[in-house]
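Before any comments, here is the structure.
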Amino acid sequence: MKPPKRLYPSTRIISHPEVSACPVCGGSLMLANYVLWDKTIQTLDGVRSVASRPASCADPQCAGATMRLRSAAGQQVALPHTTYGYDVVVRIGWQRQTRCATYAEIHADLRPQIQIAESQVRRLYHQAYLPLLACHERQQAVRLTQAAEQHGGLVIALDGLAPEGGEPQLWPPRWSPSCSAVPAIC
């Protein structure tokens with residue numbers, strides 16, 4: 001069995017909620033005497049210990065007294081259930097998308113700065129970076145719709161199909177929305 005990582009944080013950050021008044025009644029907030037989460041996070045700048053101290057309404061009769069208000073800035077340091085900061089995820093995605101680097105090359109580049117395995121690089125790319133990229137691209141849906149209307153539609157092509165044994169490729173007929181079956185059968 002592999003020994004656990006030994007991470008020694010150089011800085012400690014305790015985040016507090018950004019709001020100063022109760023969102024229900026407008027009264028004052030009271031900070032809790034505990035932290036909701038306490039994580040050790042590896043960033044490209046070093047290892048940090050990050051915690052979030054929640055707040056709730058000081059009035060026990062208010063419905064906001066049972067709410068635990070968290071810090072938005074504290075939650076923007078790293079993804080839940082990971083010990084790697086967003087900057088590490090972005091570096092992995094940038095190298096993979098822009099430089100077309102392999103996972104081994106990305107691992108070799110990150111290894112001097114953080115403790116990470118090549119399998120973690122692959123996992124962060126597939127399970128963290130690609131969903132974040134998809135969320136970003138969804139914001140462009142209006143622009144894509146306008147471009148499709150302006151140019152009379154979009155042509156979607158599949159890439160990565162290699163011809164079998166040097167034979168010509170088989171291309172399915174054009175798909176139309178009136179087809180009820182899969183596009184290749186229409």
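A few remarks follow.
- Qualifying residue in the stretch 13-21 (condition: among the acidic types (D, E) and touching a strand residue (DSSP E or B) at 6+ places or on another chain (Cβ under 7 Å)): no
- Qualifying residue in the stretch 118-125 (condition: modelled with pLDDT of 85 or more and loosely packed, with under 11 Cβ neighbours inside 10 Å): yes
- Residues in the stretch 80-94 that are touching a Leu at 6+ places or on another chain (Cβ under 9 Å) and not hydrophobic (A, V, I, L, M, F, W, C): T82, T83, Y84, G85, Y86, D87, R91, G93.
- C100 satisfies every condition listed in (1) in contact (Cβ under 8 Å) with a residue 24 or more places away in the chain; (2) on the phi > 0 side of the Ramachandran plot except (1).
- The numbered conditions (1) surrounded by 16 or more Cβ atoms within 10 Å (Cβ to Cβ); (2) part of a loop (DSSP other than H, G, I, E, B) are all true for R6 except (1).
The values are calculated or read from the model by the stated rules, or taken from the named source; none is laboratory data. Just so it is clear, the model here is predicted, and its values are computed rather than measured. Please note: Cβ atoms are built from the backbone with ideal geometry, for glycine as well, and neighbour counts cover all protein chains shown.
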